[in-house]
Amino acid sequence: MSEKEQKKKKKKRMPNRHLARESALESLYAWHNGGNDAAMIPSILADRLQQQERQAQDADYLREVVYGVSEGCADLDALIAGAVQGRSLRSVAHVEMNVLRIAVWEMKFRLEIPYRVIINEALELTRAYADEPSRGFINGVLDKVAQVLRAEEMKA
């Protein structure tokens with residue numbers, strides 16, 4: 001087996017974090033619309049984990065993101081509010097808000113993931129779940145949050 005084939009085979013076996021982020025966004029959206037009731041999270045996650053098209057997702061990462069964001073929501077929202085200018089957080093669409101929460105959570109707690117990867121993933125989620133103007137807003141907010149949480153990394 002060639003080296004390229006080995007890499008491709010290995011990649012297929014690795015859990016997919018992008019799919020986990022998509023499921024996390026959908027889960028957090030449902031949680032948010034359900035009044036932020038923590039008791040809903042296990043059933044929401046169970047639903048996302050059973051979806052056939054998401055079988056390759058990183059289930060552990062999905063759980064980590066959803067529980068991390070839901071438990072740290074107030075702190076994440078405070079960081080986001082500090083980066084949003086001229087706009088109340090109440091005016092931010094639920095999808096945008098949850099994309100931001102996921103990305104800010106990753107910037108704060110998953111230091112092994114480069115901030116540029118986090119921003120790119122957030123923009124991919126925004127492209128799939130929101131409109132085009134949302135991407136500029138998300139990018140601007142995350143750039144400002146990265147300057148706070150990842151200042152040293154940004155200098156390098």
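The values are calculated or read from the model by the stated rules, or taken from the named source; none is laboratory data. These figures come from a predicted structure and were not determined experimentally. Because the Cβ atoms are built from the backbone with ideal geometry, glycine has one as well, and the counts that use them run over all protein chains shown.
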**OP:** Select from the range 110-121 the residues that are of a type outside the set (D, E, K, R) and in contact (Cβ under 8 Å) with a residue 12 or more places away in the chain and write down the one among them that is farthest from LEU142 (Cα to Cα).
**Re:** PRO114
**OP:** Could you tell me whether any residue of the range 89-102 is closer than 19 Å to THR126 by Cα and touching a strand residue (DSSP E or B) at 6+ places or on another chain (Cβ under 6 Å)?
**Re:** no
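How many residues are without any contact (Cβ under 8 Å) to a residue 40 or more places away in the chain and either crowded, with 16+ Cβ neighbours inside 10 Å or aromatic (Phe, Trp, Tyr) (or both) when one looks only at the range 24-45?
Looking only at the range 24-45, we keep the residues that are without any contact (Cβ under 8 Å) to a residue 40 or more places away in the chain, and these are 26-27, 30-31, 34-45.
Cutting the leftovers down to either crowded, with 16+ Cβ neighbours inside 10 Å or aromatic (Phe, Trp, Tyr) (or both) gives us 26-27, 30-31, 40-41, 44-45.
Total satisfying the criteria: 8.
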Original post:
Of the numbered conditions (1) surrounded by 18 or more Cβ atoms within 10 Å (Cβ to Cβ); (2) of a type in the set (D, E, K, R); (3) within 21 Å of ASN33 (Cβ to Cβ), GLU121 satisfies every one except a single condition; which is it?
Top reply: (3)
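Being more than 18 Å from GLU64 (Cα to Cα), touching a residue at least 24 places away in the same chain (Cβ under 8 Å) and of a type in the set (A, V, I, L, M) narrows it down to one residue among MET107, MET154; which is it?
MET154
With respect to LEU125, determine if the residue is in contact with an Asp or Glu (Cβ under 9 Å, 6 or more places away or on another chain) and in a loop (DSSP other than H, G, I, E, B). Lay out the reasoning, then the answer.
Details: in contact with an Asp or Glu (Cβ under 9 Å, 6 or more places away or on another chain): yes; in a loop (DSSP other than H, G, I, E, B): no.
Taking the combined requirement at face value, the residue does not satisfy it.
Can you find, within the range 3-38, the residue that is modelled with the highest pLDDT among those that are outside any helix (DSSP H, G or I) and closer than 17 Å to ARG63 by Cα?
Step one: of the range 3-38, the residues outside any helix (DSSP H, G or I) are 14-16, 34-37.
Of the ones still in play, those that are also closer than 17 Å to ARG63 by Cα are 14-16, 36-37.
Working: MET14: 67, PRO15: 78, ASN16: 93, ASN36: 82, ASP37: 83.
Filtering the range 3-38 for residues that are outside any helix (DSSP H, G or I) and closer than 17 Å to ARG63 by Cα, the one modelled with the highest pLDDT comes out as ASN16.
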Original post:
Looking at the range 46-88, which of its residues are assigned to a loop (DSSP other than H, G, I, E, B) and either crowded, with 16+ Cβ neighbours inside 10 Å or on the phi < 0 side of the Ramachandran plot (or both)?
Top reply: GLN51, GLN55, ALA56, ASP58, GLY72, VAL84, GLN85, ARG87, SER88
Original post:
Just to be sure, is LEU49 of a type in the set (A, V, I, L, M) and either modelled with pLDDT of 95 or more or more than 24 Å from ASP143 (Cβ to Cβ) (or both)?
Top reply: yes
Original post:
Can you find even one residue in the range 99-113 that is buried (at least 20 other Cβ atoms within 10 Å of the Cβ) and among the charged types (D, E, K, R)?
Top reply: yes
Subject >> Any hit, the range 73-91, residues being within 13 Å of LEU25 (Cα to Cα) and among the β-branched types (Val, Ile, Thr) >> reply: no
